[in-house]
Amino acid sequence: MPKKTVRDVEVNGKRVLVRVDFNVPLKEGKVADDSRLKAALPTIRYLCDRRARVILISHLGRPKGAPDDRLRLNPVAVRLGELLGRPVRKVDDCAGPAAEEAVAALAPGEVLLLENIRFHPGESKNDPELARQLAALCDLYVNDAFGTAHRAHASTVGVASLRPAVAGFLLERELDVLGRLLAQPEQPFVVVVGGAKISDKIGVLENLMGRVSALLIGGGMANTFLAAQGYGLGRSLVETEKLEVARQLLSEATTRNLRLVLPVDLVAAESQEPGAPYRTVPVGAVPEDWMALDIGPETVRLFADALAGAKTVFWNGPLGFFEQPPFDAGTLAVARALPPAPATTVVGGGDTVRAVMRAGVADRITHISTGGGAALNFLEGKELPGVAVLLER
Ligand code: ADP
Ligand code: MG
């Protein structure tokens, strides 16, 4: 990795501000899913063991730049303490006198969790004054929040430019795994893209096209490609303003002689209402007032065939309206068709990760990315601002 990590710097006795992604679901005052906390443990433990004063900072939800009692990080501190097996202190602000006092009271090896950084309006504006206040709390900055590395915020870029800044282990792993997809993917490299809209993913498709041996497109975004080929799609989700882009991508794929697989059959329904009538139809036979909500079994077979011999797979975007059975069938079947190790399988995107969890195949996947937007930005070939600001090795 071209960036320095916590291994490359002296941390003993230092006040180390670690940007983590503790944006976890809360339920009845408790952390409902602690996987993001677990993912941050290696960096936190490493720093504690080397007697750093560990100061954690995160956002949670979208509090709109003002305190919101429902989005306080107190339940996170409790759960993190249980996972770490040592107490985690918590302070009700993330900058200013209260935070400074809490940091001053911190002994080497102790952990303090600051309050939700998005309670401050300056966070998302990368306000220099907030960045300065955060810098006043620390001697060293560590970014371990890949999920927000594509945003230039005060806690990801502002403070990092005022202090020596390095990557944590989680960020390092993300950059390594995703970096290999771009640099030297073992072939055949198969990319599966789904989700609602092609507009989110055009850049990724363009950047990956020259690197893959097959591109499998499903979900809502496939509709736009099918419409571009002239198929009628009834009331399906189609981005009419992106038809030209879809046509260009299709012709580029032809020029490159790329294996681009689009659905050959679809599961269409009268509406998205639960219980509405539905049936599998060949592409081109979606009834005029119906909508395509999943890929059909013939398409699943084509996708599974392409995946069978793959040595590298990246998947982003569910292949149907998977939140509502039976329209999860295509997504779940493709999840189960992912090739086992030693193939490298990488999955990114909040909904895609939920889908592979539900399919029960999460433990067979090489890497589940903690960043949806960040992973897509990275694979588009963009430099992530939160990474760019870290020290070069
Ligand atoms: P991720 O969160 O993994 O990045 P996206 O947010 O891009 O994925 O896409 C997920 C959304 O796309 C889901 O809400 C899913 O219901 C929707 N979707 C996928 N296929 C269809 C479809 N055919 N019609 C309507 N919505 C779809
Ligand atoms: Mg999503």
Subset of the stretch 337-389 (residues that are surrounded by 17 or more Cβ atoms within 10 Å (Cβ to Cβ) and among the hydroxyl-bearing types (Ser, Thr, Tyr)): Thr344, Thr345, Thr352, Ser369, Thr370
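Does Thr352 qualify as being away from ligand 2 (no atom under 13 Å from the Cβ) and under 20 Å from the mean Cα position of the chain (by Cα)?
Working: away from ligand 2 (no atom under 13 Å from the Cβ): no; under 20 Å from the mean Cα position of the chain (by Cα): yes.
Answer is no for this residue.
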In the stretch 177-233, which residues are closer than 18 Å to Ser251 by Cβ and polar (S, T, N, Q)? Asn207, Thr224, Gln229
Keeping to the stretch 330-342, report how many residues are in contact with a helix residue (DSSP H, G or I) (Cβ under 9 Å, 6 or more places away or on another chain) and away from ligand 1 (no atom under 16 Å from the Cβ). 5
All conditions in (1) in a helix (DSSP H, G or I); (2) within 20 Å of Leu208 (Cβ to Cβ) are true of Ala304 except (2)
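Among the residues of the stretch 199-213, write down those that are away from ligand 2 (no atom under 16 Å from the Cβ) and surrounded by fewer than 21 Cβ atoms within 10 Å (Cβ to Cβ). Break it down into steps so the answer makes sense when it comes.
Step one: filter the stretch 199-213 for residues away from ligand 2 (no atom under 16 Å from the Cβ), giving 202-203, 205-213.
The answer is Ile202, Gly203, Glu206, Asn207, Met209, Gly210, Arg211, Ser213.
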For the stretch 149-194, give me the residue count where each residue is within 16 Å of ligand 2 (Cβ to nearest atom) and either farther than 23 Å from Ser35 by Cα or modelled with pLDDT under 95 (or both). 3
I'm trying to understand the selection: among the residues of the stretch 94-118, which are surrounded by fewer than 19 Cβ atoms within 10 Å (Cβ to Cβ), out of contact with any Pro (no Cβ under 9 Å at 6 or more places or on another chain) and either outside any loop (DSSP other than H, G, I, E, B) or acidic (Asp, Glu) (or both)? Pro97, Ala98, Glu100, Glu101, Ala104
Is there a residue being under 23 Å from Gly179 (Cα atoms), within 16 Å of ligand 2 (Cβ to nearest atom) and among the hydroxyl-bearing types (Ser, Thr, Tyr) anywhere in the stretch 324-338? no
Enumeration of residues in the stretch 179-198 that are surrounded by fewer than 22 Cβ atoms within 10 Å (Cβ to Cβ), aliphatic (A, V, I, L, M) and assigned to a helix (DSSP H, G or I): Leu182, Ala183
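The values are calculated or read from the model by the stated rules, or taken from the named source; none is laboratory data. Model, not experiment: these values are computed from the prediction. FYI the Cβ positions are ideal-geometry reconstructions off the backbone, even for glycines, and counts take in every protein chain you see.
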